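In what follows, a single structure is set out as structure tokens and then discussed.
The values are calculated or read from the model by the stated rules, or taken from the named source; none is laboratory data. Computed from a predicted model, the values in this text were never measured in an experiment. Here the Cβ positions follow ideal geometry from the backbone for every residue, glycine too, while neighbour counts run over all protein chains shown.
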Amino acid sequence: MRFHFGDMEFVIPVGVYHPAEDSMLLGEVLSREKLVGKKLLEVGCGSGVLAIIASKAGADVTAIDVDHGAVAAALDNAARCDASIVVKVSDLFSAVEDEKFDVIIFNPPYLPEDMPKYADRRWSGGIDGRGVVDRFIDGTNRHLADGGTVLVLVSSLTGIDKVIERFYKNRFRAEVIMKKKVPWEELAVLKAVRI
């Protein structure tokens, strides 16, 4: 399948998360951020759309994903879009253990696992939808440079307030910076900084 963002075309192979409303919302936020010269990490890069948008905006981008097919797709799409990104197979931060970044972004699997249609790991975030995002938040502090920011997409189905609380427990202040209502949920991009 193909996906377009601006004048860029991406090929999304079967089995790799296809960008949807959540990706577009986070892409819109990224396009407003000042990324020139910043070291950026995209966790769970899928087909590489957000990493490539960040690279085109001037960021030095590392993109990681647990899925080998996603990593291959991100590399192919980077070449297709003439973008420079480093892509690695990684379970959350495992492949960037000693690195720090100015910006960390994540569009996690966030749907509760009781939604059988979305039981696949591309969508399912565990019992309450927060299993993956909680692990991400718990590991973020080690990888965020001083003065850095975290951008993460969450859903009303996940419990936006619960995600904000988890950030707070990890010594971050998080706030909703953009929302979008879709028929079955409300999507929100949280921006988190250390407190």
Next on the checklist: Suppose we keep only residues that are farther than 23 Å from Ser90 by Cα and of a type in the set (Val, Ile, Thr) within segment 1-43. Which one would you say is surrounded by the fewest Cβ atoms within 10 Å (Cβ to Cβ)?
Outcome noted: Val36
Checklist entry - Could we say that Arg166 is loosely packed, with under 13 Cβ neighbours inside 10 Å and in contact (Cβ under 8 Å) with a residue 24 or more places away in the chain here? => result no
Item to check | Criterion: closer than 25 Å to Arg135 by Cα and in a strand (DSSP E or B) - qualifying residue of Leu41, Leu25 | outcome: Leu41
Item to check | Subset of segment 129-155 that is buried (at least 17 other Cβ atoms within 10 Å of the Cβ) and either in a loop (DSSP other than H, G, I, E, B) or at positive phi (or both) - its residue that is modelled with the highest pLDDT | outcome: Arg130
Next on the checklist: Residues that are in a helix (DSSP H, G or I), under 28 Å from Lys162 (Cα atoms), in contact (Cβ under 8 Å) with a residue 12 or more places away in the chain and touching a helix residue (DSSP H, G or I) at 6+ places or on another chain (Cβ under 8 Å): does segment 88-107 have at least one?
Outcome noted: yes
Checklist entry - What number goes with the only condition from (1) on the phi < 0 side of the Ramachandran plot; (2) buried (at least 18 other Cβ atoms within 10 Å of the Cβ); (3) outside any helix (DSSP H, G or I) that Gly46 does not pass? => result (1)
